[in-house]
Structure formats: structure tokens, C-alpha cells
Amino acid sequence: MIIEPKVREFICTTAHPDGCRENVMKQIEYTKKLGSTTGPKKVLIIGSSTGYGLASRITAAYGSNASTLGIMFEKPATPPRRTATPGWYNTKAFEEIAQADGYYAKTINGDAFSEKIKLETIDMIKKDLGKIDMVVYSLAAPRRTTADGTVYTSTLKTVEQDFTNKSLNLKDNTISEATIHPASKEEVTATVKVMGGEDWMDWIKALSDADVLEQNARTIAYSYIGPKLTYPVYYNGTIGIAKKHLYDTSLQINKQFADKGIHACISVNKALVTQASSAIPIVPLYMAILYKVMKDKNLHEGCIEQINRLFREKLNQGCPIVDNEGRIRLDDYEMKEDVQSQVMEYWEQVNSDNINQFADMTGYWDDFYHMFGFRFNEIDYTKDVTL
């Protein structure tokens with residue numbers, strides 16, 4: 001069938017298999033051009049099919065020649081009309097390319113929060129890899145079902161009071177005001193359950209108890225802080241509270257597994273267009289302006305550039321303490337004083353009429369469509385493709 005993008009608000013309901021493969025290939029080629037580096041050799045990526053998780057898998061394999069085992073929760077196509085999810089196509093492409101290049105690359109598809117998937121993962125590690133030396137935790141899930149059957153749903157809300165500011169209407173690229181309302185205590189608790197560090201700890205405990213972690217294994221989880229502009233909705237909002245719990249969990253892992261030398265750390269990454277970030281009011285406008293400023297200053301990075309810098313400049317020097325809380329700061333370019341002052345200057349001036357002067361809307365939408373395999377010049381989207 002001929003596949004076209006079908007966009008509803010901040011989500012695209014179709015994905016293009018050839019475009020997703022092109023997306024993966026571009027990231028592989030970028031990593032290969034940088035050459036080999038020292039790094040982990042047997043890596044488990046929990047949340048491996050899109051964004052930072054996919055970039056981590058590609059960087060581990062093609063940067064440090066690692067065997068990679070991925071965990072994803074993706075849906076295959078249901079012919080004749082429904083395409084697979086982009087993560088499904090990404091993973092299929094990565095496995096085919098990596099295996100052809102001689103790399104071990106397997107993926108388990110299922111609910112990473114569940115004990116079933118943890119046990120299945122441990123069995124595969126024992127069978128194929130023996131032990132692993134790195135665990136990347138990169139889950140971005142909307143909900144979680146715990147062992148007792150309780151379903152927790154995360155929310156993107158403020159805490160304590162309303163927050164009103166400029167926001168980008170993704171339907172027509174106009175700017176209006178949006179108000180984000182505060183979450184209830186139950187919603188805060190649920191968001192921490194989904195997006196906090198509890199499941200990360202469960203994974204490390206399960207892997208350690210099963211003796212499939214190498215001595216001195218490293219584990220890393222991804223986070224975001226952002227500028228003061230977005231603090232009410234992010235850093236001090238429900239998701240920020242969950243990310244603080246994630247950070248606290250890194251300290252707990254280091255303390256609890258000190259005898260095994262397991263080292264956990266948080267990497268605070270740059271703002272990028274993802275399915276999750278597109279859903280947060282106010283944030284997409286900030287990112288479009290940030291893209292404009294960082295590209296003008298030749299500082300812009302996507303997922304694969306960020307994660308290659310993480311592996312090559314940060315992780316292979318141990319786990320460096322970049323800030324006073326022991327977090328790796330890959331958002332260092334974003335948070336440069338000259339970058340943020342320029343962003344705020346543009347933020348004050350931007351409106352619906354001048355948005356293309358102060359924001360990189362083309363870059364924003366290119367990144368959005370690329371997530372789903374669209375808008376690649378190398379792909380003929382008029383051709384029939386197999387779902």
C-alpha cells in the first residue's frame with residue numbers, strides 16, 4: 001500500500017517502514033564515521049526502539065562493537081490497513097542491518113514493567129551473553145501495571161497551581177496561551193510510579209539476583225531538567241518529581257549494590273522532539289525556538305549526536321561528575337548562558353505572525369515526521385510498500 005502520514009494533534013497514526021529504515025541507517029552511518037571507541041561490550045537497553053534508547057543501541061553496537069539486547073513494547077502491522085508502530089520498523093531495520101554486519105542484536109517485545117519480561121530477558125542473557133556490562137534504562141511509558149494488577153497512569157501537569165504561558169498550536173503553527181492545571185496527590189504518585197525509578201531498581205535487582213551483571217557493570221537512565229521557563233510544567237511538575245525520584249534511585253542503586261561495583265548515574269539530556277515532549281503544552285514552542293538558536297550557533301544535536309557524545313566523551317572516562325549532584329550533563333550546550341538568553345529574547349517577541357523568524361518550525365516538523373519515517377528525501381513515498 002501507499003503510506004501517508006496521518007497526524008492528529010501531537011501524534012502520527014501511521015509509520016513508513018522504508019523511512020524508518022532510512023532513519024536507522026542515517027544514525028548508523030553517523031556513528032560509523034566517528035570510528036570505534038572503548039565502551040561496553042554486552043548491553044541491555046530497556047526501551048530500545050525509538051529516541052534516546054534506539055540511539056543508545058546504535059551507538060553501543062557501532063561505536064564500541066557491543067552485542068545488544070533490546071526491550072520494546074511495539075505493535076506489528078495489521079494488514080491490510082494499519083501500519084506497525086515506528087519502533088517496530090526501527091527495530092526490524094536495526095536487527096537486519098546489525099546482524100548482517102556481524103553483531104549480536106536481539107529484541108524482546110513486551111511490557112518491560114512486568115516480571116514475565118524480566119525473567120525472559122534474564123533467560124536470554126544467560127543463554128546468549130552470559131553476563132552484561134551495561135544497562136540503559138530509557139522507558140517513556142504512559143502507564144504501568146504493577147504485580148498486584150493496579151494500573152498507574154502518568155500525567156503532564158503542574159503541582160500546586162495553574163501555569164499559563166505561550167504555547168504552540170500544532171494544528172496550524174499559531175501561538176496562543178495555554179494553561180496547565182495542577183495534579184492531584186494521586187496523579188503525582190501515579191506519575192512517579194510510571195516515570196520514576198522504582199522499575200529501574202526492580203530491573204537491577206532482578207539482574208543482580210540472577211547473576212547476569214558483570215562486576216563493575218554500569219547502568220544509566222535518561223532525564224531532563226530544562227530552563228526556568230518550563231520549570232512549572234516540567235522540573236517542578238509531575239514529570240519532574242518523577243525524574244527526581246529517578247535520580248534518587250541512582251543513589252540507592254549505588255549504595256545497595258556497592259559490593260558488586262554496580263555504578264548507576266543519570267544523564268541529563270537536551271530537549272528534543274519526541275512523542276512525549278510534543279504532548280506537553282508550552283514545551284514544543286520552547287523547543288522550536290531552541291532549535292533556531294542552537295542551529296544558528298552551530299550547537300544543535302539530535303539523539304544520535306547526543307548519545308555518541310555521551311559514550312565517547314563521558315562514559316569512557318568512568319562516570320564523570322559533571323555537576324554537584326553527580327549527574328552527567330549532556331544539556332550543557334542547551335543551558336549555555338548565551339543560548340538561554342537568546343531563547344528568552346525570542347520567546348518574548350514571538351507571535352503567530354513572526355513565528356518563522358524566531359522559531360525553527362521546519363526543523364521541528366522535520367524531526368516530528370522523521371520519528372515516523374516520513375520526510376526523508378531518499379524515500380519515494382509514492383511507491384507501494386509492504387506493511
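Once all protein chains are placed together, LYS92 keeps about 100 Å² accessible to a 1.4 angstrom probe. At most 16 other C-beta atoms within 10 Å and a DSSP loop state: those are the exposed GluC sites (Glu not before Pro) I care about. Give me the longest piece of the chain that has none. So the longest stretch without any such site is 161-324.
Under the rule a/c < 1.5 gives rounded, and otherwise a/b versus b/c splits prolate from oblate, where does region 318-382 land using the Cα gyration tensor? Oblate shape, in that a/c is at least 1.5 and b/c is the bigger or equal ratio. Toward the positive end of the charge dipole of the chain, with +1 on the Cβ of Lys and Arg and -1 on the Cβ of Asp and Glu, the farthest Cα among VAL7, VAL293, VAL192 is that of VAL192. Name the shape class, rounded, prolate or oblate, that the alpha-carbon gyration tensor gives for region 276-387, where a ≥ b ≥ c are the square roots of its eigenvalues, rounded holds for a/c under 1.5, and otherwise prolate holds if a/b is larger than b/c and oblate otherwise. Verdict is oblate for region 276-387. Accessible surface comparison of LYS75, LYS193, probe 1.4 Å, protein chains only, largest first: the order is LYS75, LYS193.
Among the listed pairs LYS157/LYS228; LYS75/LYS292; LYS243/LYS270; LYS131/LYS243, those with a Cα-Cα distance over 23 Å are LYS75/LYS292; LYS131/LYS243. Phi-derived couplings, Karplus 6.51 cos²θ - 1.76 cosθ + 1.60 at θ = phi - 60°, listed residue by residue for region 342-358: 5, 4, 5, 5, 5, 4, 5, 8, 5, 8, 4, 7, 10, 4, 6, 7, 10 Hz, with x used for Gly and Pro. When both region 11-39 and region 259-323 are represented by their alpha-carbon centers, they are found 17 Å apart. Fraction of C-alpha pairs exceeding 23 angstrom in region 39-133: 21 percent, rounded to a whole number. Charged side chains reduced to their Cβ positions (Lys and Arg at +1, Asp and Glu at -1) give the chain a dipole of some 660 debye around its Cα centre.
Measuring with a 1.4 angstrom probe and ignoring ligands and nucleic acids, HIS181 comes out at about 100 Å² accessible. The shape of region 77-136 comes out oblate: with a ≥ b ≥ c from the C-alpha gyration tensor, a/c is at least 1.5 while a/b does not beat b/c.
The values are calculated or read from the model by the stated rules, or taken from the named source; none is laboratory data. These numbers come from a predicted model, not from an experiment. For neighbour counting, all protein chains shown are included, and Cβ atoms are generated from backbone atoms with ideal geometry for every residue, glycine included. In case anyone asks, the SASA skips ligands and DNA or RNA and just uses the protein heavy atoms, side chains included. Shrake-Rupley method; radii C 1.70, N 1.55, O 1.52, S 1.80 Å.
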